[in-house]
Number of protein chains: 2
Amino acid sequence: MKVCIIGGSGHYQYVLDGLAGAQVSLVGYAPGVADEKLEKLESALKAAGVEAPRFARWQDMLDELRPDIVVVNTWFGACAAISMECLRRGHHVYAEKPLATTLDDLHALRAVYLEGLGAQLGAMFGLRYVPAMYSAWRFVRAGGIGAVRMVGAQKSYRLGRREVFYHTRDSYGGTIPWVGAHAVDWVRWFAGAEFERVTALHSTQGNRGQGEVEVTAACLFAMAGGVIGHVNLDYLRPDSQRRHDDDRVRVVGTEGVLEVRDGQVTMWREGAAEAVQLQLESPPQCFADFVAGLRGQGCLVSAEDAFAVTEASLLARQAADAGGTASFSSQRLGD
Amino acid sequence: MKVCIIGGSGHYQYVLDGLAGAQVSLVGYAPGVADEKLEKLESALKAAGVEAPRFARWQDMLDELRPDIVVVNTWFGACAAISMECLRRGHHVYAEKPLATTLDDLHALRAVYLEGLGAQLGAMFGLRYVPAMYSAWRFVRAGGIGAVRMVGAQKSYRLGRREVFYHTRDSYGGTIPWVGAHAVDWVRWFAGAEFERVTALHSTQGNRGQGEVEVTAACLFAMAGGVIGHVNLDYLRPDSQRRHDDDRVRVVGTEGVLEVRDGQVTMWREGAAEAVQLQLESPPQCFADFVAGLRGQGCLVSAEDAFAVTEASLLARQAADAGGTASFSSQRLGD
């Protein structure tokens, strides 16, 4: 299988790390938008020992190389339109999350996907494939803490100086969709339940002159069966900290509580007097898992997952902009 | 100063622990409602070496003993009416939190308090006086992590078998006011900002046949200055766990992040590469601090704090019942 990359602004590293395991070849790359910088991508290609031609226009690359898979990770606001064109041309797409940065784009992308002739769509929810998250999820979904009643997820990142395209909503999409989508995904994935309503808040205060980048946010999700989801996000982890992130998930079940934090899984289980650690399992590699899915071997992230989480993130952003609650029932993507 | 206790269903232990330090005497006790059990209170009195008469009716006790301070901690739904009567009689009141379990009761209590002739009102926000919380708060309010932008608080408790009066909303008041009030208080106290709007969710599912007791809840608070507050509560910490609670507070500031957890304060500060621990200070004892306040020496919890936090907790419960958002602006207690 031949792979092309469009853009160098997202998590292309997932793809480079998975090429060998997936037994696929990277055959070309191109910017997704005219002003996009590709230096980091090119350094990463070199470090990975990959030689592939650069194209000035991604359309020309697709015309010439006819890849099986196109990786879309350009400026976030431009991803949906490119993914649509790739699907229309019949290429499988492995896209940055969120799949779109507006609900209109998301609905259009979904229509194209559903009308397509078998081209598959995957999304870079690579944080499902972290050993602690993967192991915790397997344990929870196997009933290890009874029925799930509440899931909380945290993303805390260093802000640093972000590329200028982050500074406007049009190109960036907002912190709830960009950073929060992972947490929103964890909530739904661990709960095994769909979203019904969301309320959210966000604020740009404290972003050190970086335009429209929200640096704090929180979301509250009403989910099917009375399950509660809550998410808190911040970009205020000090830049001086060695580790970039402080990601966490806490799951409250009828027979115990489980928490993922610092790469470990801690459990407070019925019958035990103290917390215990869960033995970690080895997850598949995320891009290799997507390719395995194309080959009919199943995949941890479905296109439906990516659509649902993108929709939830965009509705949460909308709620936060309005300072109110957004309901999923009235705007749910149709099936 | 003479102290009487009405009821044995709350945190009377705060009072017993503070008698000596406050240099006050417990002179009598009585049930607050007819069916209230006082065995635990009586055991605690014995353990504390306190001898004081039991009265069948609290009104008779007040008539006869004319105490300076009345401690009100009966069934939660009955506290407000008793506190009102005590204030009307000119006794200082040290009341269980929340101050009331309905907004009507809260408004009536506040009117009585404001019309009073100097009788003071304190509330049992004893969890401000835990060394880690107290030390963290002092550090944050002194600017140790810059401007506070987001505060998250968690209460996680073992459920066990609760007394029957917990099983109905009328006598219990609900989990957001009862358990959550502490977390709501921490959010406001650490933020140093007032609440503007709240959305909340709660659920009784998983309460093992204990009537109307909600065992999961989460609240999202919009606060002045765009500060975000979020709270998550659960009663699903397994009964087998040795420790009763897993209380946490996490504060995100413009110059660092701080977390209270497991009796420690961890900070991620600008300029440091790793997390560091805050040296803990010794807080005052909570009831002794209330008495010091009566003597003009200042107190960590004001009556206004107790009114604001009770109002916020009841509005959050109302929002959770309705599945929507409650605004503080329209219902704010008047000044």
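Normalising the average separation of contacting C-alpha pairs (under 8 angstrom, six or more residues apart) by the number of residues puts the relative contact order of chain B at 19 percent.
Assign unit charges at the C-beta atoms only (+1 for Lys and Arg, -1 for Asp and Glu), then state the dipole size of the protein assembly as shown relative to its Cα centre in Debye, rounded to the nearest 20.
Working: 66 positive and 78 negative charges, 142 e Å.
Computed charge dipole of the protein assembly as shown: roughly 680 debye.
In whole Å, how far is the Cα centre of the range A:245-287 from that of the range B:75-122? When both Cα centres are located, 44 Å separates them.
Each of A:Leu280, A:Cys219, A:Asn207 was placed along the dipole of the range A:187-284 (beta-carbon charges, centred on the mean Cα), and the one lying farthest toward the positive end is A:Asn207.
If we count every other residue with Cβ under 12 angstrom of B:Leu109's Cβ, Lys/Arg +1 and Asp/Glu -1, where does the sum land? Taking every Cβ under 12 Å from that of B:Leu109, the sum is -3. With contacts taken as Cα pairs under 8 Å at a separation of at least 6 residues, the range A:1-78 carries a relative contact order of 50 percent. Positive-end ranking of B:Tyr29, B:Gly143, B:Ala123 along the dipole of chain B, with charges on Cβ about the Cα centre, is headed by B:Gly143. Note on chain A: with charges restricted to the Cβ of Lys and Arg (+1) and Asp and Glu (-1), its dipole about the Cα centre is near 420 debye.
Averaging Cα coordinates gives a centre for the range B:299-315 and one for the range A:3-33; these two points are 55 Å apart.
At 20 angstrom or more along the helix axis (alpha-carbon based) and mean Kyte-Doolittle of 0.0 or higher, what helices does chain B contain? Whole DSSP H runs only.
Numbers: long enough: B:303-322 (28 Å, 0.27).
Length and hydropathy pass: B:303-322.
In the range B:170-275, which trypsin sites (Lys or Arg not before Pro) are in a loop and have at most 16 other Cβ atoms within 10 Å, using DSSP for the loop call? Present the calculation step by step, with values, prior to reporting the outcome.
Values: sites: B:Arg188, B:Arg197, B:Arg208, B:Arg242, B:Arg243, B:Arg248, B:Arg250, B:Arg261, B:Arg269; in loops: B:Arg208, B:Arg242, B:Arg243.
Answer by residue number: B:Arg208, B:Arg242, B:Arg243.
Distances between copies of B:Ala142, taken at a point 7 Å out from Cα along the Cα→Cβ vector and listed shortest first: 4.9 nm.
Across identical copies of the chain, B:Ala111 has label-point separations of 5.8 nm, listed in ascending order, with the point defined 7 angstrom from Cα along Cα→Cβ.
Name the GluC sites (Glu not before Pro) in the range B:197-303 that are in a loop by DSSP and that have at most 14 other C-beta atoms within 10 Å, would you?
On the way: sites: B:Glu212, B:Glu214, B:Glu255, B:Glu259, B:Glu270, B:Glu274, B:Glu281; in loops: B:Glu212, B:Glu214, B:Glu255, B:Glu270, B:Glu274, B:Glu281.
Passing sites in the range B:197-303 are B:Glu274, B:Glu281.
A dipole drawn for the protein assembly as shown from +1 and -1 charges on Cβ atoms has a positive end, and of A:Val291, A:Tyr113, B:Tyr94 the residue lying farthest that way is A:Val291.
Within 10 Å of each Cβ in peptide A:225-237, how many partner chain Cβ atoms are there on average? Round it to a whole number, please. Show your work: numbers first, answer last.
Working: counts 2, 7, 4, 11, 2, 8, 2, 9, 3, 8, 1, 12, 5.
Other-chain Cβ atoms within 10 Å of each residue's Cβ, averaged: 6.
Assuming charge only on the beta carbon of Lys and Arg (+1) and of Asp and Glu (-1), the dipole of the range B:2-124 about its Cα centre is about 160 debye to the nearest 20.
Considering only the other residues whose Cβ falls under 10 Å of the Cβ of B:Asp246, what net charge follows from Lys and Arg at +1 and Asp and Glu at -1? Show your work: numbers first, answer last.
Values: positive: A:Arg250, B:Lys155, B:Arg158, B:Arg237, B:Arg243, B:Arg248, B:Arg261; negative: A:Glu259, B:Asp234, B:Asp245, B:Asp247, B:Asp262.
The answer is +2.
Across the identical copies, the 7 Å label point of A:Arg242, projected outward along Cα→Cβ, sits 3.0 nm from its counterparts, in ascending order.
Values in this text are rule-based calculations from the coordinates and carry no lab data. From a predicted model like this one, the values you see are computed outputs, not experimental measurements. Note that each Cβ is placed from the backbone with ideal geometry, even for glycine, and that neighbours are counted across all protein chains shown.
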